[in-house]
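> Starting off with a structure, shown below.
Please treat every number below as a calculation from the coordinates, not as lab data. Computed from a predicted model, the values in this text were never measured in an experiment. Cβ sites come from the backbone with ideal geometry, for glycine too, and all protein chains shown count toward neighbours.
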Amino acid sequence: MTTVLPEQGTDAEAQEFQRAFDTAVAADERIEPRDWMPDDYRATLVRQIAQHAHSEIIGMQPEANWITRAPSLRRKAILLAKVQDEAGHGLYLYSAAETLGVNREELLEKLHSGRQKYSSIFNYPTLTWADVGAIGWLVDGAAITNQVPLCRCSYGPYARAMVRVCKEESFHQRQGYELLLELSRGTEAQHAMAQDAVDRWWWPSLMMFGPPDDESAHSAQSMAWKIKRHSNDELRQRFVDICVPQAEALGLTLPDPDLRWDTESGHWEYGAIDWSEFKAVLRGHGPCNEQRLSQRRAAHESGAWVRAAASAYARKRQPTGARNATGPSPAAEQHVTAGSEGGRPDTDEGPRSREADPR
Amino acid sequence: MSSDWPLWEVFVRGRRGLSHTHAGSLHAPDAEMALRNARDLYTRRSEGVSIWVVPASVITASSPDEKDPFFEPASDKAYRHPTFYEVPEGVRNL
Amino acid sequence: MTDSTAALLARPELALADDALVLSHRLGEWAGHAPVLEEEVALANIALDLLGQARALYGELGDEDELAYLREERQFRNCQLTEQPNGDFATTIVRQLFFSRWQELLYGQLTDRPLAVKAVKEVAYHRDHAEHWTLRLGDGTPESHERAQRAVDDLWRYTGELFQPLEGLTVEGHPVDWDTLRVSWDGYVADVLDRATLRVPESPRQSGWRAGAGRQGLHTESFGRMLAEMQHLHRSHPGARW
């Protein structure tokens, strides 16, 4: 939907809008696309949602790397479904960003030109099959820890997208854990593969929560706006506390000699994070930065003729003098057979167009 | 070129007896493809029995400025809500 | 090869399962490379459906992983069409159109098999997706038209094999009606290509191999590499569970 901003009015009006916005946020109400919002709030959301969407689609790559080599058909199906979900989650998020008056094409262009970021974690390579498990357990685990509070984010479309994402993502972490468990209890070589993957993914996963609170550039304002609900360090601690017993149950060791239970705080204390690595990866010096971006750009560029073809086809079928550039029919409807796997369409009837009845 | 795949709003009927609910949006070159994309994206886990897609650009929405005249008059009509009425204890099926 | 292996390899269901697995694998190679995000989701859906079909069919014959991961290239009975590399999006779509229509017609005949009855609905959707894209590519831009026509021309030589009767495939005791299947397929494909402003090739519908080569275990070069990639991890850890 096109977002219409209220006309710039007098100062008094501006203050009135600001007050309404502040009241809504303070009362834990959701801000919706057509509400007035401060420019910085909008810009922060666009940046964050876009980065989140980019992370989903770049994040397909390290796992897609193993679809063709998955060692059992069951695992192949799971991995394919998971990578597909990530594309879907990217779509939900781009669509949330689009309610803020930007379009996906524009955001993709910013990703491709390096002006918008994605999560640095995806700049690490997936070297063995166990990495698929470590990504599910640790990377998705960290992502979920970050994302669950976002379901209550003050911006409605983002919060709703996150509800959907979190619901769908619950299997992602589990499949990863199960995969590692199978390896850990398997042959010696499999166990070693699992340990090696955890060794490589543990620290980068902790870095996913972002810099420590005292160095985090955007945190305070985002918390005030209720875009963010907990600080980076809080979430990181929550994640460590969750992971330690899970690692034990896996029979794998977390690669941190300083990890110890602190009875006083009731938390697991962990060793110092190497932030120089984080910053280097962020600056583009991770093992796969170039590779990930160039694959993304290549997919987009080599798909240009396909997108152009579909547009050309649609234009040819548009009645002359059509109302707008969107398509031949104002609305379309499709019936889907209930209860069949994956919600398959009723193939006998097939989709058909009809007048909209959007009550 | 690619940017002219317009945006479509997707409405999904979760099951028979429910109305279509806004599920999200997507890009597609035309209505037929929009329906298929919507089916693939928003009913991957059997979330729906029927889908509508509508070009986002043809939706007319009330603007925030209109909010008061649009929605406030209803809020003082408490008699439209069943809880407005007192029912003596023990009376059922009302 | 033991007698029981030979008997297993002769089962028509194995050929159908191999078709589904191999094409699913090829579609899975698109992950992260599709022309637009919406197509990532669509292609993965098709791949997942086919993989589900393959697993169900293998399950009727033995252990799915043994069948998928421990057979040699010459023991795979998929038709050559399914193993053709993805090429550009047009090649992938035309391959899907040719295969899905065939699968839809064949499974439509197998009314006494619950697996086919379930699969035919999925397959109809795959065919529908391929048909819509064939129209858009064929009648889109000059470039897309040219690519689509090239894909049709290139893949045509693998379509003859589809109509080689699969020995032993019966419906309620009667053999599948392959002639009707071919006639319907020809009519449908001619119609879609025509609507897409594409030509039906006049070139032969068989490769240089003898008819039904894939069904007899003779494949094209790229298939060996595909299998090597698919099987290597599983084979590197004999007896391991995943």
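> Report, in degrees rounded to the nearest 10, the 0 to 90 angle that the Cα long axis of helix A:232-250 makes with the longest principal axis of chain A.
60 degrees
> Among A:ALA224, A:HIS191, A:LEU206, which residue has its Cα furthest toward the positive end of the charge dipole of segment A:178-248, with +1 on Lys/Arg Cβ and -1 on Asp/Glu Cβ?
In segment A:178-248, that residue is A:ALA224.
> Taking only Cα atoms, what is the 0 to 90° angle, nearest 10, from helix A:304-316's long axis to the longest principal axis of chain A?
That works out to roughly 20 degrees.
> Return the average number of partner chain Cβ atoms within 10 angstrom of each residue Cβ along peptide A:107-114. Could the numbers behind the result be given before it?
Numbers: counts 0, 4, 1, 0, 0, 0, 0, 0.
What the average comes to for A:107-114 is 1.
> On to the next question. Over segment C:3-236, what is the mean sequence separation of C-alpha contacts under 8 Å (at least six apart), divided by residue count, expressed as relative contact order in percent? Before the final figure, lay out each step's value.
Working: 298 pairs, mean separation 58.9, N = 234.
Reported relative contact order: 25 percent.
> Mind sorting A:SER119, B:SER19 by how few other Cβ atoms lie within 10 Å of their own Cβ, fewest first? Don't skip to the answer; put the middle values down first.
Values: A:SER119 22, B:SER19 9.
By the 10 Å Cβ count, ascending: B:SER19, A:SER119.
> Calculate, for A:ASP39 and A:ARG229, the FRET efficiency according to 1/(1 + (r/R0)^6) with r their C-beta to C-beta distance and R0 30 Å; round to the nearest 0.05.
Efficiency for this residue pair is about 0.85.
> Then there's this: Once you've got the Cα coordinates, tell me which of A:LYS117/A:LYS228; A:LYS76/C:LYS121; A:LYS228/A:LYS279; A:LYS76/A:LYS110; A:LYS82/A:LYS226; A:LYS167/A:LYS279 are over 26 Å apart. Kindly include the intermediate steps, with their values, before the conclusion.
Values: A:LYS117/A:LYS228 18 Å; A:LYS76/C:LYS121 22 Å; A:LYS228/A:LYS279 22 Å; A:LYS76/A:LYS110 33 Å; A:LYS82/A:LYS226 30 Å; A:LYS167/A:LYS279 32 Å.
Over 26 Å apart, Cα to Cα: A:LYS76/A:LYS110; A:LYS82/A:LYS226; A:LYS167/A:LYS279.
> Return the distance in nm (one decimal) between the two label points of a simple spin-label model at A:CYS166 and C:THR170, each offset 7 Å from Cα along Cα→Cβ.
In this crude label model, A:CYS166 to C:THR170 measures out at 5.8 nm.
> With a point put 7 Å past each Cα toward its Cβ, work out how far C:SER184 is from B:ARG45 in nm, to one decimal.
Distance between label points: 3.6 nm.
> Same structure, new question: Specify which residue in the list B:HIS22, B:VAL53, B:PRO6 is farthest towards the positive end of the charge dipole of segment B:2-62, using unit charges on the beta carbon of Lys, Arg (+1) and Asp, Glu (-1), about the Cα centre.
Value: B:HIS22.
> Taking the Cα centre of segment C:1-139 as origin, sum charge times position over the Cβ atoms of Lys and Arg (+1) and Asp and Glu (-1), and report the length of that vector in debye to the nearest 20.
Values: 13 positive and 24 negative charges, 66 e Å.
Here segment C:1-139 has a charge dipole of around 320 debye.
> Hey, another quick one. Please compute, over every Cα-Cα pair in segment C:3-236, the percentage with a separation greater than 32 angstrom.
Values: 3894 of 27261 pairs.
Across segment C:3-236, Cα pairs with separations above 32 Å total 14 percent.
> If you don't mind, another one. What residue among C:VAL41, C:VAL176, C:VAL120 shows peak mean-square fluctuation when chain C is described by a Gaussian network model with Cα springs under 10 Å?
Looking only at C:VAL41, C:VAL176, C:VAL120, the largest GNM fluctuation is found for C:VAL41.
> Placing +1 at every Lys and Arg Cβ and -1 at every Asp and Glu Cβ, with all other atoms neutral, what dipole size does the protein assembly as shown have around its Cα centre, in debye to the nearest 20? List each step's numbers first, then the result.
Details: 77 positive and 103 negative charges, 232 e Å.
For this selection, approximately 1120 debye.
> Can you give the FRET efficiency to the nearest 0.05 for C:LEU61 and C:ARG195, using r as the Cβ-Cβ distance and R₀ = 45 Å? Mind showing how you got there, number by number?
Working: r = 39 Å, r/R0 = 0.87.
With R0 = 45 Å, the Cβ-Cβ based efficiency is 0.70.
> Pop a pseudo-label 7 angstrom from the Cα along the beta-carbon direction at both A:GLU106 and A:ALA280 and give the gap in nm to one decimal.
Using points 7 Å along Cα→Cβ, the separation is 3.7 nm.
> Once the Cβ-Cβ distance between B:GLU86 and A:ALA14 is put in as r, and R0 is 51 Å, what FRET efficiency do you end up with, to the nearest 0.05?
Working: r = 46 Å, r/R0 = 0.90.
Calculated transfer efficiency: 0.65.
> I would also like to ask the following. Could you pull out the GluC sites (Glu not before Pro) across segment A:19-90 that fall in loop regions by DSSP (anything but H, G, I, E, B) with no more than 15 other Cβ atoms inside 10 Å? Walk me through the numbers on the way to the answer.
Numbers: sites: A:GLU29, A:GLU56, A:GLU63, A:GLU86; in loops: A:GLU29.
Those satisfying the criteria are A:GLU29.
> Quick check for me: using +1 on Lys/Arg Cβ and -1 on Asp/Glu Cβ, what's the dipole size of chain A about its Cα centre, in debye to the nearest 20? Present the calculation step by step, with values, prior to reporting the outcome.
On the way: 41 positive and 51 negative charges, 317 e Å.
For chain A, the charge dipole is close to 1520 debye.
> In degrees, nearest 10, range 0 to 90: what is the angle between the Cα axis of helix C:221-236 and the longest Cα principal axis of chain C?
Helix C:221-236 sits at roughly 40 degrees to that axis.
> In peptide A:77-90, how many Cβ atoms from other protein chains are near each Cβ within 10 Å, on average? Each step should come with its number before you reach the end.
Numbers: counts 8, 1, 2, 10, 7, 1, 5, 13, 4, 5, 13, 10, 0, 3.
Taking all residues of A:77-90 together, the mean is 6.
> Any chance you could get the radius of gyration and Dmax over the Cα atoms of segment A:14-172, in Å?
According to the Cα coordinates of segment A:14-172, Rg and Dmax are 17.4, 61 Å.
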